[in-house]
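The values are calculated or read from the model by the stated rules, or taken from the named source; none is laboratory data. Not measured: the values here are computed from a predicted model. Ideal geometry is used to build each Cβ from the backbone, glycine not excepted, and the neighbour counts take in all protein chains shown. Only protein heavy atoms, including side chains, enter the accessible area calculation; ligands, DNA and RNA are left aside. Shrake-Rupley method; radii C 1.70, N 1.55, O 1.52, S 1.80 Å.
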Amino acid sequence: MQCPRFLRTMLLSFSLIAGMSSASKASVIVKDPEPVIPLVHQRGGYGDYLSAYYAAQTDDNVTAAKFYNNVFNHDLKNTDARERAFYYSVIAGNPAAVNLAKQEDKDPISALVLRNDAIVKGNWKEALKYFTSPPGDPLGQMTFLLLQAWCLYGAGQIDQANALFEKGINTPISGVFLIHYGVAETLSHHDKKAGILFEKAYRVFPGADLLLMRAYGNWLYQHHRAGKAEAMVDNLTDILPFLSISKNNLRRNLSQFPVHDAQGAVAQVYLAMASLIQQDLANQTVDENDREAKISYKVALHTEQIFLRFALQLNPNLSEAKIMLSGILAEQKHPEQARKILFPVNPDDPLKTNIQLQLARYDALLKHYSRAEKSLEELLKDYPQEISLWQTLGDIYFDQKNYPKTIQIYSKVIQLKKNKTKYDWTMFFIRGVAYEKQKQWLKAEQDLQMALKLAPNEPILLNYLGYSWALRHKNLQKAQIMLQKAIDIAPDEGAIRDSLGWIMVLNNQTALAIQQLELAAETIPQDPELNYHLGVAYWKVGRYQEAINQWNVALTCNPNPENRNLILNALQKAKKNKFLSSHH
């Protein structure tokens, strides 16, 4: 099976990650709530509970917060409803979280919410009350120290704040403390000391930190060393290529210091904490059958969102936090919420081009294709050599099944990309699929084989090429080996198992084929192509009535015209052989 299901999930679902260096695993501050709560059935209340429960199960935390708050407001004595209203309000950035936190004094998150609310209001003395005992984990202790330093700074206790910055320089995240110490000295107009700290930080983070590049770059710019500052921008965009589209804006923005006050600095701390969690999650592979690992992953993701929400409450224009949070929401299949996070777009934002690209991607996910295309075409006028813009435009055409345009755009992408890496297999794969859809098989095969050369262990690629050969009765033995490899890598993918079973049918290994196809049917029982394949396998071993049943099932699964003809022809063959059931 050629897996259009895989293609739909793979394309147009990119997310942008702010690059931050990490020294250790990120701290997790929340626990997964028990989703079932006692509730007296009353007018409106139970419906809201069901809506909240469903929203929480689908990672729609914004909607879950809204309806759990409704549930609690129906029954103010229901402590379980209050706990869930609080939990999801914090994740969603719902303003109700602050008042609920005052009632959740036993929940460790409540102290974080109330502390952040005090910081938002500039009530630094109140915020300092929440620094009684640091977390138990090492990273939590270090970031706790950094937050405490900025609260002291905000309260005017500069010497005490500097002492904590100095203390933090001796921790594993010394680079982060050096950057923030330099920011504090800049805000205090201690220009020379700030420059020394930024230079030390740059030796720890040689070009891979956006805050450092902007802060130190501004210092260099102010000291008439614009050449070195611009070289830092170039170095950063080389290390983090997704930022290349914003290179010109980052250069122009060197005249502006990125942090204006202590609140803005605390927002940067939260951003760094969220980035550490995101890097940790990016390095994890979660087994779908491991419930504990899945819960752990979800809890960490919730924690990341909480820190990003905190950051945006302190600085609503912090574009790195907006981009990260919108990326999470898009990955959770909430593109409308993701799009909303990115507004408004500040015309002076150094990352505005990245944000505009993300908005075009979300428009495409929402099927606002003309708006997405228009946005990308406008960006391409200013950035005609930017590969990510062309690639996104090609994905939009692919999503609309405009295969000639897809081929044209992806040919441009391949031309622009001079040095191909293993991560570039998708450009050949997508163009290859487009060629195959246009019935230009020789060109398609060439692209698919090039993609496989770059990424020999990609299941979707192994499946597509292997099944394409099966359809053409070509390289059947080699195709079976490829498909076996694909299912070994992705054993839960029913579409791949269907492909493997079908090629076993073609290779006259029908008994083994039936085993594979029946397993696939447990995963994707309503797939018309799979049911047709299973019917053919049953027919070959003389299980005629079961074959007819499978083909009849296939007809009810909305097959495309080509598959429908195959199914009808199979049933016609059965009729001619007098095996068709009387009720057909």
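Asp492 is checked against (1) part of a helix (DSSP H, G or I); (2) among the acidic types (Asp, Glu); (3) over 19 Å from Val433 (Cα atoms) and fails just one. What number does that condition carry?
Evaluating Asp492 over (1) part of a helix (DSSP H, G or I); (2) among the acidic types (Asp, Glu); (3) over 19 Å from Val433 (Cα atoms) leaves (1) as the failure.
Mind listing whichever residues of segment 111-151 are of a type in the set (Phe, Trp, Tyr) and either in a loop (DSSP other than H, G, I, E, B) or at pLDDT 95 or above (or both)?
Result: Trp124, Tyr130, Phe131, Trp150.
Residues checked against (1) polar (S, T, N, Q); (2) closer than 17 Å to Ile179 by Cβ; (3) modelled with pLDDT of 95 or more; (4) open to solvent by 70 Å² or more (accessible area, probe 1.4 Å):
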| position | (1), (2), (3), (4) |
| --- | --- |
| Thr237 | yes, no, no, no |
| Leu240 | no, yes, no, no |
| Ser255 | yes, no, yes, no |
| Ala265 | no, yes, yes, no |
| Leu271 | no, yes, yes, no |
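When segment 164-185 is examined, which residues are found to be surrounded by fewer than 23 Cβ atoms within 10 Å (Cβ to Cβ), hydroxyl-bearing (Ser, Thr, Tyr) and either part of a helix (DSSP H, G or I) or touching a Ser or Thr at 6+ places or on another chain (Cβ under 6 Å) (or both)?
Ser174 - this is the single residue of segment 164-185 that is surrounded by fewer than 23 Cβ atoms within 10 Å (Cβ to Cβ), hydroxyl-bearing (Ser, Thr, Tyr) and either part of a helix (DSSP H, G or I) or touching a Ser or Thr at 6+ places or on another chain (Cβ under 6 Å) (or both).
Would you please name the residue that is farthest from Val505 (Cα to Cα), looking only at residues in segment 460-475 that are touching a residue at least 24 places away in the same chain (Cβ under 8 Å) and part of a loop (DSSP other than H, G, I, E, B)?
Of everything passing the filter in segment 460-475, Arg472 is farthest from Val505 (Cα to Cα).
Could you check segment 273-287 and list, in sequence order, the residues that are open to solvent by 10 Å² or more (accessible area, probe 1.4 Å) and farther than 26 Å from Ala490 by Cα?
Matches in segment 273-287: Met273, Leu276.
Please work out which residue is nearest to Ser275 (Cα to Cα), limiting yourself to segment 116-158 and to residues that are of a type outside the set (A, V, I, L, M) and in contact with a Leu (Cβ under 7 Å, 6 or more places away or on another chain).
Gln148
With (1) touching a Ser or Thr at 6+ places or on another chain (Cβ under 9 Å); (2) without any contact (Cβ under 8 Å) to a residue 40 or more places away in the chain; (3) not acidic (Asp, Glu) as the list, and Ala495 as the residue in question, which single condition is left unmet?
(2)
Going by the structure shown, is Glu518 among the acidic types (Asp, Glu), part of a helix (DSSP H, G or I) and either under 22 Å from Phe429 (Cβ atoms) or open to solvent by less than 10 Å² (accessible area, probe 1.4 Å) (or both)?
no
Can you find a residue in segment 206-219 that is at pLDDT below 95 and open to solvent by 40 Å² or more (accessible area, probe 1.4 Å)?
yes
Within segment 243-333, which helices (runs of 4 or more DSSP H) (wholly inside it) include 1 or more residues that are more than 30 Å from Tyr221 (Cβ to Cβ)?
Correct list: 262-282, 291-314, 319-331.
Kindly indicate which of Ile430, Ile396, Ile387, Ile481 is open to solvent by 30 Å² or more (accessible area, probe 1.4 Å), among the β-branched types (Val, Ile, Thr) and touching a helix residue (DSSP H, G or I) at 6+ places or on another chain (Cβ under 7 Å).
Answer to the selection: Ile387.
Collect the residues in segment 187-208 that are farther than 19 Å from Ala262 by Cβ and not hydrophobic (A, V, I, L, M, F, W, C), keeping them in residue-number order.
Within segment 187-208, Lys192, Gly195, Glu199, Lys200, Tyr202, Arg203, Pro206, Gly207 qualify.
Take the residues of segment 116-163 that are open to solvent by less than 30 Å² (accessible area, probe 1.4 Å) and within 29 Å of the chain's Cα centre (by Cα): which is farthest from His180 (Cα to Cα)?
Of everything passing the filter in segment 116-163, Asn116 is farthest from His180 (Cα to Cα).
Which one of these does Lys374 not meet: (1) open to solvent by less than 60 Å² (accessible area, probe 1.4 Å); (2) modelled with pLDDT of 95 or more; (3) more than 27 Å from Leu461 (Cα to Cα)?
(1)
Just to be sure before I move on: is Asp290 without any contact (Cβ under 8 Å) to a residue 12 or more places away in the chain and open to solvent by 10 Å² or more (accessible area, probe 1.4 Å) in the structure I sent?
Yes: the conditions hold for Asp290.
Output yes when any residue across segment 442-457 is modelled with pLDDT under 95 and open to solvent by less than 70 Å² (accessible area, probe 1.4 Å), and no when none is.
no
If we keep just the residues of segment 73-85 that are in contact (Cβ under 8 Å) with a residue 24 or more places away in the chain and surrounded by 22 or more Cβ atoms within 10 Å (Cβ to Cβ), which is nearest to Glu304 (Cα to Cα)?
Result: Arg84.
Please verify whether Pro525 is assigned to a loop (DSSP other than H, G, I, E, B), surrounded by 15 or more Cβ atoms within 10 Å (Cβ to Cβ) and either at negative phi or touching an Asp or Glu at 6+ places or on another chain (Cβ under 9 Å) (or both), treating the condition exactly as stated.
Considered against the rule, which asks whether it is assigned to a loop (DSSP other than H, G, I, E, B), surrounded by 15 or more Cβ atoms within 10 Å (Cβ to Cβ) and either at negative phi or touching an Asp or Glu at 6+ places or on another chain (Cβ under 9 Å) (or both), Pro525 comes out as no.
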